[in-house]
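Colleague: I have a structure I would like to understand better, so I am pasting it below and will then ask my questions one at a time.
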Amino acid sequence: MTTTATSSYALETKSVIKTYQSDSGTIQAVDDVSLQVTAGEFVALVGPSGSGKTTMLSILAALLQPSSGQILLDGQDLAQISDVDRVTMRREKIGFTFQANNLVPYLSALENVELMLRLNKRLDKTGRLRARELLARLGLADRMHNLPGQMSGGQQQRVAIARALIHNPSLVLADEPTASLDTERAYQVVETFAGLIHEQKRAGIMVTHDLRMVEFVDRVLLMRDGKLVQIYSDKPEILELARGSRSQ
Amino acid sequence: MKQVFSIAGYLAIKEIWRNRGRFFLVSMVIALITLLVLFIAALGEGLGNGNREYISKLDAPIMVFQSKSDFLIQASRLGRDRLAAIRRVDGVKDAGMLGVANASLILPGNQEPMKIALLGIEPGHSGEPQVEQGNQLSTSLAQEVIIDRNTALRSKLAVNDNLTIRVTQGTRDEFFTFKIVGISEGLQFALQPSVFVPFFTWDRVRSKSEAEVNLSNPVANVILVKLDNDADINSVRQRIEGQVNNVETATLNQAIQALPGYSAQQSTLNTQGGFTLFIGVLVIGGFFQIQILQKVAQIGVLKAIGTANPIVAAASIFQIMLITMVGVAIGALFAFIFSLTFPPTVPIVFNGTTSLLAVVALLLIGPIGGLASIRYAVRIEPLKALGLS
């Protein structure tokens with residue numbers, strides 16, 4: 001990794017653009033998006049379907065190369081690094097939970113969490129203890145040796161959260177983490193997630209279409225047609241947004 | 001690199017263990033393919049050995065045939081004048097006549113007579129087998145025989161026993177009785193157990209046409225030549241062909257390849273073995289390809305959280321090799337157990353080299369069959385696999 005730049009934020013993007021070529025012409029999936037997230041801040045990226053939030057999340061996760069712009073994570077520009085370095089960044093600096101198929105099905109809950117430490121060469125006695133403690137904090141003390149197929153959707157999401165946090169990443173990303181959960185479990189998962197991000201001082205970004213879940217975030221970024229059109233940073237305003245959605 | 005193999009091995013073994021029923025079934029399929037390949041190889045070796053055993057163990061590197069006999073032993077006829085001429089050729093240490101015929105060995109009780117190769121050889125000369133038990137033949141006219149171990153095993157005859165053969169001479173069945181003076185190692189000829197008779201006795205007792213019955217002009221089929229120095233084989237062959245009329249020479253390997261049906265039989269079995277291996281490649285390749293297709297999302301997750309491609313590839317290779325090794329080991333064990341149950345009349349020989357070659361080929365079919373799936377796994381895009389694109 002050779003490309004470095006200075007930024008006071010854990011994550012900062014500058015004028016990120018992502019275009020695709022299709023039969024009907026050029027599609028601007030992400031259009032000049034600049035945002036900043038500080039350590040210990042939990043941000044929701046919301047917007048209607050096709051607004052570009054998932055594309056933006058993929059770019060932030062170093063899974064997709066932007067057409068132009070900068071993505072600075074701990075001073076490294078994700079847009080400028082090689083494929084091999086992007087894999088390293090995903091392994092060391094980023095934690096990720098997905099909508100579904102989150103866990104490796106043949107590894108137990110504990111083994112799934114420990115896998116991140118194993119990949120980062122940090123699976124020692126302390127690491128193993130931390131993995132157990134984190135799972136216990138997430139209410140999975142008696143499920144550590146269960147395979148994903150033996151756990152509910154909510155439990156699987158909590159294991160995925162533990163896996164996303166165990167290696168102390170700078171950035172934690174969640175793609176629709178509550179999509180397959182009932183309302184009660186969805187609240188529990190997001191509340192736990194938010195609590196850990198604040199406590200461990202990570203920069204957290206959650207993509208969701210469910211505005212009820214923004215109750216636990218510090219800021220809401222609204223995207224539409226690939227652009228970042230509105231930012232809600234006032235807590236009463238955010239709560240109003242969540243309540244409004246809940247009453248609908 | 002150590003890290004790559006460590007994580008790859010961990011993932012591969014965990015997946016196999018947690019899905020052991022499925023992987024065991026694949027191993028059993030490989031085991032059955034192994035069993036089939038090893039048996040085809042053993043059958044090929046057994047049939048080939050049964051055909052060539054006597055010739056391949058000869059200590060005479062040159063076989064002299066009547067010219068234009070196409071190296072067919074039964075089609076060649078050489079008189080004693082050629083034997084004398086060959087013995088005079090420079091570089092020839094010894095030469096002995098070999099006559100080949102068939103006969104039936106009469107067994108006690110109601111047992112079916114046993115078909116044998118009746119081989120006429122000159123005592124003390126090239127072609128006479130070394131006995132492992134008993135004595136060598138005494139003279140070329142003696143009423144005594146050496147039997148090979150196969151004849152001894154199947155007939156239960158021993159040294160000093162009498163042996164009776166039946167042959168057809170003219171239109172009559174004739175019976176001749178000999179004393180067994182020695183037993184040699186296994187020396188089958190044309191898939192038949194062998195009985196070695198002094199040459200002039202052989203000429204008297206062999207099957208004959210009506211015209212031959214009253215003739216007394218011993219004719220051998222081929223002459224076996226021992227050399228002063230085996231390295232001079234080519235020059236001695238040239239000298240024999242140059243100095244002796246109406247003969248052609250062959251190495252033992254040429255003579256074996258010319259045995260009736262030998263090449264066709266071996267190539268048929270080799271083709272069968274090759275096709276079985278090919279089917280193995282397709283079966284294993286198909287299984288692992290389906291497995292990779294079923295776990296695209298899972299591999300996508302692994303890549304998304306930072307698992308490098310070498311780990312994904314190494315895990316697949318490790319898994320394929322382990323499953324193949326377990327399958328081949330089980331198959332080889334089955335083959336060994338089954339081989340113990342076959343009677344000596346079934347021509348199956350588990351020769352070390354042939355079996356080892358078959359096992360190496362079987363161990364390679366896994367990785368070869370899995371190549372496409374490994375390539376597919378490495379090319380999985382996490383974005384697509386996770387439905388993010």
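The values are calculated or read from the model by the stated rules, or taken from the named source; none is laboratory data. Here the structure is a predicted model, which means the values were calculated and not measured. Reconstructed Cβ throughout: ideal geometry from the backbone, glycine too, with neighbour counts over all protein chains shown.
Colleague: Test each condition in (1) in contact with an Asp or Glu (Cβ under 6 Å, 6 or more places away or on another chain); (2) farther than 22 Å from residue A:74 by Cβ; (3) buried (at least 22 other Cβ atoms within 10 Å of the Cβ); (4) of a type in the set (A, V, I, L, M, F, W, C) for residue A:214 and report the one that comes out false.
Modeller: (1)
Residue by residue, here is whether (1) facing chain B (nearest Cβ under 8 Å); (2) within 24 Å of residue A:60 (Cβ to Cβ) holds:
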residue: A:83; (1), (2): no, yes
residue: A:93; (1), (2): no, yes
residue: A:117; (1), (2): no, yes
residue: A:121; (1), (2): yes, no
residue: A:130; (1), (2): no, no
residue: A:145; (1), (2): no, no
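Colleague: In the range B:195-245, what residues are closer than 29 Å to residue B:183 by Cα, among the hydrophobic types (A, V, I, L, M, F, W, C) and outside any helix (DSSP H, G or I)?
Modeller: Answer for the range B:195-245, where residues must be closer than 29 Å to residue B:183 by Cα, among the hydrophobic types (A, V, I, L, M, F, W, C) and outside any helix (DSSP H, G or I): B:195, B:196, B:197, B:219, B:220, B:222, B:223, B:224, B:225, B:227.
Colleague: Hey, could you check the range B:277-297 for residues that are within 11 Å of another protein chain (Cβ to nearest Cβ) and in contact (Cβ under 8 Å) with a residue 24 or more places away in the chain and say which is nearest to the chain's Cα centre (by Cα)?
Modeller: Restricting to residues being within 11 Å of another protein chain (Cβ to nearest Cβ) and in contact (Cβ under 8 Å) with a residue 24 or more places away in the chain, the top hit is B:296.
Colleague: Tell me, please, whether a residue that is within 24 Å of residue B:191 (Cβ to Cβ), buried (at least 17 other Cβ atoms within 10 Å of the Cβ) and aliphatic (A, V, I, L, M) can be found in the range B:51-59.
Modeller: Checked the range B:51-59: at least one residue is within 24 Å of residue B:191 (Cβ to Cβ), buried (at least 17 other Cβ atoms within 10 Å of the Cβ) and aliphatic (A, V, I, L, M).
Colleague: Right, something else. Hey, can you tell me all the residues within the range A:133-167 that are surrounded by fewer than 16 Cβ atoms within 10 Å (Cβ to Cβ) and either at pLDDT 95 or above or of a type outside the set (Lys, Arg) (or both)?
Modeller: Within the range A:133-167, A:133, A:136, A:139, A:141, A:142, A:145, A:149, A:150, A:152 meet the criteria.
Per-residue answers, yes or no, for (1) surrounded by 15 or more Cβ atoms within 10 Å (Cβ to Cβ); (2) of a type in the set (Ser, Thr, Tyr); (3) in contact with a Ser or Thr (Cβ under 6 Å, 6 or more places away or on another chain):
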site: B:148; (1), (2), (3): yes, no, yes
site: B:159; (1), (2), (3): yes, no, no
site: B:177; (1), (2), (3): no, yes, yes
site: B:181; (1), (2), (3): yes, no, no
site: B:186; (1), (2), (3): yes, no, no
site: B:196; (1), (2), (3): yes, no, no
site: B:224; (1), (2), (3): yes, no, yes
site: B:229; (1), (2), (3): no, no, no
site: B:237; (1), (2), (3): yes, no, yes
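Colleague: Here is a further query. May I ask you to verify whether residue B:25 is surrounded by fewer than 22 Cβ atoms within 10 Å (Cβ to Cβ), touching a residue at least 60 places away in the same chain (Cβ under 8 Å) and not assigned by TED's automatic domain parsing to the domain that holds residue B:186? Walk me through how you get there before you give the answer.
Modeller: Numbers: surrounded by fewer than 22 Cβ atoms within 10 Å (Cβ to Cβ): yes; touching a residue at least 60 places away in the same chain (Cβ under 8 Å): no; not assigned by TED's automatic domain parsing to the domain that holds residue B:186: yes.
When the stated conditions are applied, residue B:25 does not pass them.
Colleague: If you go through the range B:86-101 one residue at a time, do you hit one that is part of a helix (DSSP H, G or I) and not charged (D, E, K, R)?
Modeller: Scanning the range B:86-101, I find at least one residue that is part of a helix (DSSP H, G or I) and not charged (D, E, K, R), so the answer is yes.
Colleague: Which residue, of A:63, A:115, is more than 25 Å from residue B:18 (Cα to Cα) and either in contact (Cβ under 8 Å) with a residue 24 or more places away in the chain or among the β-branched types (Val, Ile, Thr) (or both)?
Modeller: A:63
Colleague: Out of the strands (runs of 3 or more DSSP E) lying entirely within the range B:104-182, which hold 2 or more residues that are out of contact with any Lys or Arg (no Cβ under 9 Å at 6 or more places or on another chain) and closer than 30 Å to residue B:94 by Cα?
Modeller: In the range B:104-182, the matching strands (runs of 3 or more DSSP E) lie at B:114-121, B:131-134, B:144-148.
Colleague: Against the condition part of a helix (DSSP H, G or I), hydroxyl-bearing (Ser, Thr, Tyr) and at the interface with chain B (Cβ under 10 Å from one of its Cβ atoms), how does residue A:88 come out, does it pass?
Modeller: yes
Colleague: Would you mention how many residues in the range A:27-60 are within 14 Å of chain B (Cβ to nearest Cβ) and not β-branched (Val, Ile, Thr)?
Modeller: So the count comes out to 10.
Colleague: Okay, next question. Among the residues of the range A:96-108, write down those that are in a strand (DSSP E or B) and more than 8 Å from chain B (Cβ to nearest Cβ).
Modeller: Of everything in the range A:96-108, just one residue is in a strand (DSSP E or B) and more than 8 Å from chain B (Cβ to nearest Cβ), namely A:97.
Colleague: Here is a follow-up. Out of the residues in the range B:348-386 that are part of a helix (DSSP H, G or I) and of a type in the set (D, E, K, R), state the one that is farthest from residue B:53 (Cα to Cα).
Modeller: Once the filter is applied, the top-ranked residue is B:384.
Colleague: Restricting attention to strands (runs of 3 or more DSSP E) lying wholly within the range A:177-248, give those where 2 or more residues are over 30 Å from residue A:151 (Cβ atoms).
Modeller: The strands (runs of 3 or more DSSP E) meeting that bar are A:219-224, A:227-232.
Colleague: Of the conditions (1) aliphatic (A, V, I, L, M); (2) closer than 30 Å to residue A:166 by Cα; (3) touching a residue at least 24 places away in the same chain (Cβ under 8 Å), residue B:305 clears all except one; give me its number.
Modeller: So the condition that residue B:305 fails would be (3).
Colleague: Within the range B:88-121, work out how many residues are basic (Lys, Arg) and under 15 Å from residue B:196 (Cα atoms).
Modeller: So the count comes out to 1.
Colleague: Looking at B:362, B:340, B:388, B:356, which one is more than 25 Å from residue A:82 (Cβ to Cβ) and crowded, with 18+ Cβ neighbours inside 10 Å?
Modeller: Working: B:340 fails: crowded, with 18+ Cβ neighbours inside 10 Å; B:388 fails: more than 25 Å from residue A:82 (Cβ to Cβ); B:356 fails: crowded, with 18+ Cβ neighbours inside 10 Å.
The match here is B:362.
Colleague: When the range B:319-335 is examined, which residues are found to be surrounded by fewer than 19 Cβ atoms within 10 Å (Cβ to Cβ) and within 14 Å of chain A (Cβ to nearest Cβ)?
Modeller: If the condition is that a residue be surrounded by fewer than 19 Cβ atoms within 10 Å (Cβ to Cβ) and within 14 Å of chain A (Cβ to nearest Cβ), then no residue fits.
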